[in-house]
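Structure record follows, encoded as structure tokens.
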Amino acid sequence: MRVCLASRALLIKERNLGAVNTAFGTSTPTGVAPDIPLNHIVVAAVIQWRGRIALFRRSGRSSHDPGLWQCITGFLSAGATPEQQALEELFKEAGLRVEDLQALHQGPDLVVTDRSGTPWLVHTFTALTYRRRLGINREYDCYRWTDPRKAKRFANRVSWLDSVLSATGHGTSSVPAPQPAVAPRDEARPAVGSMNGTSLRAHSV
């Protein structure tokens, strides 16, 4: 079910038209980025609430990166824009609807290589939310809110997470992360609940 609407343009901020090759630490215009097939193009969204970011631990039953911490990700579907795909993944993996977001900032595109040397194109985003309580799906077994400067304390994180955090302004040596234009609504609900029968556990560090 696609929950994103192109008409929600107020959520889509200006796009950085550059692709960063993290393997070589260089920046190239999007137009000369490597020719990457659709099945190697993904979105990566960092959820931010009151200056903290949410990291998600992949389920031990997952066939890919079990037990590792990461942000929200998903493959770009045929016919979808990166913004649409980011909104869909935020709903599917974190339970965030359009009305739960104050803004969706698009960061620079990254070109990262996997262990086999295959390049992947990553469209990065920061999702500013009013909600502290998230609704994770079965891909994850828990999530944690943390100060971005403490993200490297998560030793068992995916290898590409630091590149995404740096691109979105959440790294220790990156530009400042996007900030809400106004103070967010008070969210006082406890960060424990369930969605589709999945237990949710949230912690802060």
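So, in region 50-66, how many residues would count as being touching a strand residue (DSSP E or B) at 6+ places or on another chain (Cβ under 8 Å) and modelled with pLDDT under 95? Lay out the reasoning, then the answer.
Within region 50-66, the first condition is being touching a strand residue (DSSP E or B) at 6+ places or on another chain (Cβ under 8 Å), and the residues that meet it are 52-60, 64-66.
Among the residues that remain, those that are also modelled with pLDDT under 95 are: 59-60, 64-66.
Number satisfying all stated conditions: 5.
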Q: Identify the single condition in (1) under 13 Å from Val122 (Cβ atoms); (2) modelled with pLDDT of 85 or more that Ile47 does not satisfy, given that it satisfies every other one.
A: (1)
(Q) Being surrounded by fewer than 23 Cβ atoms within 10 Å (Cβ to Cβ) and over 13 Å from Val43 (Cα atoms) is the filter here; which residues of region 93-109 pass it? (A) Gly95, Arg97, Val98, Glu99, Asp100, Leu101, Gln102, Ala103
Q) under 21 Å from His64 (Cβ atoms) and modelled with pLDDT of 95 or more - does that describe any residue in region 165-182? A) yes
Q | Tabulated pairs, region 57-70, first aliphatic (A, V, I, L, M), second modelled with pLDDT of 95 or more and surrounded by fewer than 16 Cβ atoms within 10 Å (Cβ to Cβ), C-beta under 8 angstrom, 6+ apart or interchain | A | Leu68/Asn156
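Check region 80-88 and report whether any residue there is in a loop (DSSP other than H, G, I, E, B), modelled with pLDDT of 95 or more, over 13 Å from the mean Cα position of the chain (by Cα) and over 16 Å from Trp49 (Cβ atoms).
Yes, region 80-88 contains at least one residue that is in a loop (DSSP other than H, G, I, E, B), modelled with pLDDT of 95 or more, over 13 Å from the mean Cα position of the chain (by Cα) and over 16 Å from Trp49 (Cβ atoms).
The values are calculated or read from the model by the stated rules, or taken from the named source; none is laboratory data. None of these values were measured; they are calculated from a predicted model. Methodologically, a virtual Cβ is constructed for each residue, glycine included, from the backbone with ideal geometry; neighbour enumeration extends over all protein chains shown.
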